Structures are given as C-alpha cells and as structure tokens.
Amino acid sequence: MRKPIVAGNWKMHNTVQESIALAKYIKDGIAGTEKTEIVLAPPFTALYSVSAVIKDTKISLASQNIFYEDKGAYTGEVAPGMIKDAGCTYAIIGHSERRKYFYERDEDVNLKVKKALATGLTPIVCVGETEEERVKDVTEFVVGVQVKKALFEINSLNNIVIAYEPVWAIGTGKVATPMEAEEVHRFIRGVLSEMYGSASTDIRILYGGSVTPENVGELIDMEDIDGALVGGASLKPDTFLGIIRKVSEKK
C-alpha cells in the first residue's frame, strides 16, 4: 500500500514570520490525518524557521529547488547539503516554472536528482506537458522523455517521488479530469515498469494542477494517483487542510 503524500509548494510567497504562522496553523490542524504524509516547501529564507515549527511532527520539509554541486563559485545557488542542514528531507526538482522561467533542461533535472539522492534527500521530480502539447496529442511522448531523462543512469526508484503536473493546469483554475490524470499516471508507471520492473508498483506519483478540496477526492480515488502537489491552495491553510483531510479519508 502506497502512503499518500500531500505536498504544499509555497513558491515565492511569505516572509519568514508569515511562513512560521502558516506552518503553525497547519501543524495544529492535522489531527486525524495520520494516513497521509504531509510535506511543506517554503521559500529558502524560511526553511530553517519552518523546520523548527514542525520538529517532532509527521510533517516533512522540502526545498523548492537545489543545485547539482556540493559547493563552489555558483552565486545565488543553494547546495543540497545546505537545505538538508536546514531540515529538509525532500527537494522539488524540475518544476515547470523552473523549466519555463529559468530554462532548466531535462539534463539539469537529472543532475539534480542524482545529487539529491547522493545527499540523502528524496526528490519530487516534476513532469508535465503544456496545453499546446496536449492539443497536439503528444502528452505521452513529452512526459515519457521527461521521465526517462530525469532518471537517466539512476539504478533504483528507492526514495524517489514523481509529480505529474500538466502545465496548463498550474495556477489556471483548470484541472485534468480524474480519468485524464489517471491515464498519464498509468502511462508514467508503465514507463517506470519498462525501466525498473516490479519496483514501479511502489513508487508514489502525485498529481498537481489547481487541486482543491472539492476535486481531490475524485483524483485520489484513481488507482495510480498517490497524492497531490499543491500550489496556490497550500497558501490558504483551511483549504490545504481540507485537501489533506479529504486524501486521508479516501486512502
């Protein structure tokens, strides 16, 4: 049985004090959600402070990105060891906004995944197609390439999470139907099966893209959807807690 994950990606929002307040509210509201793993991804500036808030709870901490070197003259970058030292056990890698605005390539994602694993972090590897690619009916080709390149020369699926985020659904209010999402999740699991055999049945694959308490129930009912990577809704504590509770009820 794959334990579901609900991860909140706060993106470039919240000061340190705002992040502390949000984390405390979430921490105080998670009673009865033991079936679900909860991950928070604040901005870099708030990682250490949020880590202190969630210490000794079931909530895990994630960075929104990492660099693929341990140290060096890389102005503005943050090494995996640094974010681990701040309390992180997860790292979001390859988010579509990183690909779009900062021109991250599949090869960059692969280097970051390798470095995360080598540092003892669990990467949440993001993949997904644009609206144009979906209209052209090349979703499986695009997502398949992203998965294969992200995991190039990685011998095991241990401590890896995949997040399928159709780019056209991120922050737009649009959401893939449960069946549309399930079809891609099943396809991803099939790609992983070709690469890793039976180990693919254990990897957790999350859905992301305008997730709400109202639609997450139907999504999580799908066989191959193991949770949600939540963006904007994770900044609204009652909404985020509603998503967590709904996932806990369903799984």
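The values are calculated or read from the model by the stated rules, or taken from the named source; none is laboratory data. Note that the structure is a prediction, hence the values are computed from the model and not measured. Note: ideal-geometry Cβ built from the backbone for every residue, glycine included; neighbour counts use all protein chains shown.
The table for this structure:
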item: Qualifying residue in region 40-48 (condition: buried (at least 19 other Cβ atoms within 10 Å of the Cβ), farther than 18 Å from residue 115 by Cβ, touching a residue at least 12 places away in the same chain (Cβ under 8 Å) and within 17 Å of the chain's Cα centre (by Cα)); result: yes
item: Criterion: touching a residue at least 60 places away in the same chain (Cβ under 8 Å) and under 18 Å from the mean Cα position of the chain (by Cα) - qualifying residue of 128, 120, 87; result: 128
item: All positions within region 181-193 that are out of contact with any helix residue (DSSP H, G or I) (no Cβ under 9 Å at 6 or more places or on another chain) and without any contact (Cβ under 8 Å) to a residue 24 or more places away in the chain; result: none
item: Subset of region 92-109 [among the aliphatic types (A, V, I, L, M) and either out of contact with any Pro (no Cβ under 7 Å at 6 or more places or on another chain) or over 24 Å from residue 172 (Cα atoms) (or both)]; result: 92, 109
item: Region 225-251, subset part of a loop (DSSP other than H, G, I, E, B) and touching a strand residue (DSSP E or B) at 6+ places or on another chain (Cβ under 6 Å), residue nearest to residue 34 (Cα to Cα); result: 226
item: Region 194-232, residues that are without any contact (Cβ under 8 Å) to a residue 40 or more places away in the chain and of a type outside the set (Ser, Thr, Tyr); result: 194, 197, 211, 213, 214, 216, 217
item: Breaking point among (1) over 15 Å from the mean Cα position of the chain (by Cα); (2) crowded, with 23+ Cβ neighbours inside 10 Å, for residue 209; result: (1)
item: Residue 101 being in contact (Cβ under 8 Å) with a residue 24 or more places away in the chain and not aliphatic (A, V, I, L, M); result: no
item: Pairs where the first residue, in region 137-155, is free of Cβ contacts under 8 Å to residues at least 40 places away in the same chain and the second is assigned to a loop (DSSP other than H, G, I, E, B) and surrounded by 15 or more Cβ atoms within 10 Å (Cβ to Cβ), C-beta under 9 Å, 6+ apart; result: 138/129; 141/129; 142/128; 142/129; 142/130
item: Residue in region 234-244 that is at pLDDT below 95 and closer than 22 Å to residue 125 by Cβ present; result: no
item: Test for residue 216: is it more than 18 Å from residue 3 (Cβ to Cβ), in contact with a helix residue (DSSP H, G or I) (Cβ under 8 Å, 6 or more places away or on another chain) and crowded, with 17+ Cβ neighbours inside 10 Å; result: no
item: Which listed residue, of 149, 112, is closer than 26 Å to residue 202 by Cβ, part of a helix (DSSP H, G or I), charged (D, E, K, R) and touching a Phe, Trp or Tyr at 6+ places or on another chain (Cβ under 7 Å); result: 112
